Amino acid sequence: MQNSTHTAAQTPPNYPESFDGYLRHAIETDFSYLGDMSGRLITLLCQLKKEIKEERDLQALNLPAIEALGARVVPTGIPASFLSILGPVDMVKVMGSGQPQRDAWSVWDASFECVELCMTVIPGAEFSGKFLDRPKTDARKVLAIIDDGCPFAHEAFRSAAAGMGSRVFAIWDQNSRNPAVLPGSGGASTFGETASVPFGIEYRRATLGSQVGIDDWIKTFKMPDGAVNEEACYREASFETLKRRISHGAHVMDLMAGNMQPKSRFSADPGRPPSFAPATDTGGMDILFVQLPFAAIDDASGAWLYMQVSLAMDFFLTCIDLDPKGRELIVNLSYGITNGAHDGKSILERLLRRLTARYDGHSRGKLTVVVPAGNSRLVDGHVLFKSQPGDMSRTWVWRIPPDNPVEVYVEAWVDKAHKNDVTIQLLPPVPALGPPVAPIPTVPTPTSAGWLFVLPPTSDPATCGMHGDWRLKLTLNKPNVEVHVYVARTDFNMGARIRGKATRFIDTAWEAKQGASAAHTLANGVRKIDGSLICREGTLSGIATLVADRFFVAAGSRLRDAVTSRYSSLGPNRPQDRQGPSFALPTDEAIALRGIRGAGNRSGAVFRLIGTSTAAPMLARRQATTPLVVCPPGTETPDVGCGMKDAP
C-alpha cells in the first residue's frame, strides 16, 4: 500500500464533491488498507439532498448506476435524509477514465450531499439488506448501549420480577457468525438469528419457535446450586469478547443499568466504606445492546463510527415503538473520535439532531442520547492558529512513532468562507526523501471546509511508511482566519487485537523558548502551555459538539477533591455555541485512585475503568431516573459544563 496524499506536482482525480477524504484515500490505494476485498462489501453513510418521506420516495431515487454495481440501500428511518449503502468497491472506485468514469460518478453528486466511508467491511454473502419486523418491548423506558461486550447472563442484569430472567431484551452483534445449536436439541433449536438484521446476528430474550431466546439459553447452563455457568454460556454461543474476564461494554452496561447504583460503590469520605446498596432505580427497564464489530474496536481512529452508530439507532427503533407518547429510549455511546470538524454538524451529529427532534417527548415518545466528552485534553492532538497581520504562517511537528501497525490521520478545518485562504502542506522528516505532500480535500459540513492527511503504517517495509518528525506548514493569506488541526486517535481501544501507537503534535519553536520554564508552572499537576500552538481547549470528542435537545455530553471529575479529571476533554466547539460538556460526573475517586469500579464479564468480577467512558453511562442513568436540567446553550464552562454532579 502506498501513501495516497499528493505532491504539489501531482493532480488528484476529479472526485465527486460528495466523497469524503477517507473514501478518496481508499479509492487511490485500491482499498488495500482494508485487506482482501473479494466477496466483501464496503459501507457508506450518505446524506441525501432530498428527504425521503415515504418508502416510495426511496424507490424513486435515481440510483440505478450504483444498484447495477451491487449496491444495497438501507434507509435510516422514514422520514429521513440519510441512507446506509453497502456494496462492492466497484461502485465507487476508478473504473477506467474519461467520460464513462465521470458518468459513473455523477449519480453520487446528483443524489447526495455527502458520502462517508466506514472503515469496516462485511462479508457480502451474509448481507440481508434490511431490518425485519420484530417483537417490540412493552417497557415504558428502555436503556440502549452501543459498545463491546454484553454479559447477558450476569447477575447484575437479571430481574427478580421476571424469575431472575435477563433484562436484556435484544442484542445485535455486528460480527459474523452462525447461530449456536442448543445443547441436547439435536440441531433442531438454535440461538441467534441472522436473517432479521442487515448483517451479523441477533439474539432476543423470548423464544420464538426453533429460535431459542436469551432466557432459555441461560437456563440451559444452570447448575444444581442454581448458579449459571457463565463461562460455558458465552463460549458455546461464540461470544468472543465475553471469553475474557473483563470488557469495556460490561463495565459501561453495569454503570448504566446494573443492579447496584454507582454511588453505592464508592464513598467521598475515605473513613467510611461504600454502602453497596442494591439499586431501585432501573430495575423495570429493558436493555438493548449493539455489539460493535471487532474491526471497529481495532480501529481507534473511529473512522467506522458514523455508519455503525447510525445502523445501531435503526436497530433500537425497531425494538421499541416510540411513535406513541409516554415511552422513552435512552442511548449511551461510550466511544468517540478526536478528529472531525468539531462544529456540531458532522453527518452523525446531523442524524442524531434529526432523530432527537422527531422523538421529542411531545408529539411522540422521547429519545435521549449521551456521549462522553473524550479523554484527549493532554494528548497534544489539537493545534489552533489564528492569523494576524505580520503573523500569517506557522510550522510545527507531527511525530510519527516507528513500528506502528496502523495508518495515521490528521484533519484541518476552517470556516467554509475561508476555504481558499488556507494552504497546508506536510513535509517529510528529511527533505531529500521527498517533496511536500498536499492534503486530500474532504467533504465539507454545512459550515466548514476540511482537508485530510494520511500516512501509512511504519511497521511494514512494504508500506514504505516513514517514522520521525514530519512537519506541517500552515500559511494563510488573510488575517483573522482561524484554523483548527486535529490528530486522529490511533492508540488502541480496550479489547483491540491491533495495538496501534499514538501520534502527537509538538510546537518546537515554543518548546525551545518556554518549554523548560513551563515544566515548573503547574496547574492541577499539569504544566501550562500558554502561548503554544498546542491547544487543550476545543478537544471535545468530534461527535460531542452538537447542540440539541436531549443530547448530553459527560465530562469526568475527581470525587474526593471536586476537580475535573486531568484527561477529560475541554470545550468549546469551533462555532462556540457549545462552550463545554453538559455535566461532569465522577470518573476518578482520588488523584491516586483513578477510575470507577464496575462489573466485568462474570458475576462477582469487578475492575476499574478510567476515562469519560464511565461518566456517560452514569449521566444516562441519571437522565433515565432523575433527569438533570441543562443550562442555556453557550453558558457551559469548558471543563464541567453546567456543573459537577454526583453519581446516580
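The values are calculated or read from the model by the stated rules, or taken from the named source; none is laboratory data. Remember, it's a predicted structure, so these values are computed and weren't measured experimentally. Methodologically, a virtual Cβ is constructed for each residue, glycine included, from the backbone with ideal geometry; neighbour enumeration extends over all protein chains shown. Side chains are part of the model used for accessible areas, which takes the heavy atoms of the whole protein and leaves out ligands, DNA and RNA. Shrake-Rupley method; radii C 1.70, N 1.55, O 1.52, S 1.80 Å.
Values for this structure:
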| item | result |
| --- | --- |
| Selection from segment 350-378 of residues that are outside any strand (DSSP E or B) and under 12 Å from the mean Cα position of the chain (by Cα) | A373, G374 |
| Residue satisfying condition, being over 27 Å from V414 (Cβ atoms) and in contact with a strand residue (DSSP E or B) (Cβ under 9 Å, 6 or more places away or on another chain), within set S569, S565 | S565 |
| Every residue from segment 520-543 that is within 22 Å of the chain's Cα centre (by Cα) and open to solvent by 20 Å² or more (accessible area, probe 1.4 Å) | R536, E537 |
| Matching residues in segment 163-184 - criterion: being assigned to a strand (DSSP E or B) and out of contact with any helix residue (DSSP H, G or I) (no Cβ under 7 Å at 6 or more places or on another chain) | I171, D173, V181 |
| Boolean, T587 is closer than 30 Å to L242 by Cα, touching a residue at least 24 places away in the same chain (Cβ under 8 Å) and not in a strand (DSSP E or B) | no |
| Tally, over segment 627-642, of residues that are free of Cβ contacts under 8 Å to residues at least 24 places away in the same chain and within 17 Å of T368 (Cα to Cα) | 3 |
| Filter result for I297 (touching a residue at least 60 places away in the same chain (Cβ under 8 Å), outside any strand (DSSP E or B), open to solvent by less than 10 Å² (accessible area, probe 1.4 Å) and not hydroxyl-bearing (S, T, Y)) | yes |
| Residues being over 22 Å from the mean Cα position of the chain (by Cα) and not in a helix (DSSP H, G or I) - total across segment 602-648 | 25 |
| Test: residue in segment 339-349 that is outside any loop (DSSP other than H, G, I, E, B) and either surrounded by fewer than 19 Cβ atoms within 10 Å (Cβ to Cβ) or out of contact with any Ser or Thr (no Cβ under 9 Å at 6 or more places or on another chain) (or both) | no |
| Qualifying positions in segment 525-553 - without any contact (Cβ under 8 Å) to a residue 60 or more places away in the chain and hydrophobic (A, V, I, L, M, F, W, C) | I529 |
| Considering residues of segment 465-497 that are over 22 Å from D298 (Cβ atoms) and touching a Pro at 6+ places or on another chain (Cβ under 7 Å) only, the residue surrounded by the fewest Cβ atoms within 10 Å (Cβ to Cβ) | P479 |
| Residue in segment 231-241 that is touching a strand residue (DSSP E or B) at 6+ places or on another chain (Cβ under 9 Å), crowded, with 24+ Cβ neighbours inside 10 Å and outside any loop (DSSP other than H, G, I, E, B) present | yes |
| Subset of segment 200-231 [of a type outside the set (A, V, I, L, M), farther than 18 Å from C150 by Cα and over 33 Å from the mean Cα position of the chain (by Cα)] | G209, S210, T220, K222, P224, D225, G226 |
| Index of the failed condition, V197 passing every other in (1) of a type in the set (A, V, I, L, M, F, W, C); (2) within 17 Å of L288 (Cα to Cα); (3) more than 34 Å from the chain's Cα centre (by Cα) | (3) |
| Among (1) touching a His at 6+ places or on another chain (Cβ under 8 Å); (2) of a type outside the set (V, I, T); (3) open to solvent by 10 Å² or more (accessible area, probe 1.4 Å); (4) assigned to a loop (DSSP other than H, G, I, E, B) - the single one D323 does not satisfy | (1) |
| Filter result (open to solvent by less than 60 Å² (accessible area, probe 1.4 Å), among the aliphatic types (A, V, I, L, M) and either farther than 30 Å from L44 by Cβ or free of Cβ contacts under 8 Å to residues at least 12 places away in the same chain (or both)) within segment 177-205 | A180, L182 |
| Residue in segment 544-583 that is most open to solvent (accessible area, probe 1.4 Å), counting only those that are more than 21 Å from A268 (Cα to Cα) and polar (S, T, N, Q) | Q576 |
| Subset of segment 212-230 that is crowded, with 18+ Cβ neighbours inside 10 Å and touching a Lys or Arg at 6+ places or on another chain (Cβ under 9 Å) - its residue that is farthest from I85 (Cα to Cα) | V228 |
| Strands (runs of 3 or more DSSP E) within segment 392-446 that include 3 or more residues surrounded by 17 or more Cβ atoms within 10 Å (Cβ to Cβ) and in contact with a His (Cβ under 8 Å, 6 or more places away or on another chain) | 408-415 |
| Some residue of segment 302-324 being within 18 Å of M119 (Cβ to Cβ), modelled with pLDDT of 90 or more and of a type in the set (S, T, Y) | yes |
| Qualifying residue in segment 162-175 (condition: modelled with pLDDT of 85 or more, open to solvent by 20 Å² or more (accessible area, probe 1.4 Å) and under 22 Å from T318 (Cα atoms)) | yes |
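Okay, residues lined up against (1) over 23 Å from R377 (Cα atoms); (2) part of a loop (DSSP other than H, G, I, E, B):
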residue: G450; (1), (2): no, no
residue: D491; (1), (2): no, yes
residue: A512; (1), (2): no, no
residue: H520; (1), (2): no, yes
residue: D549; (1), (2): yes, yes
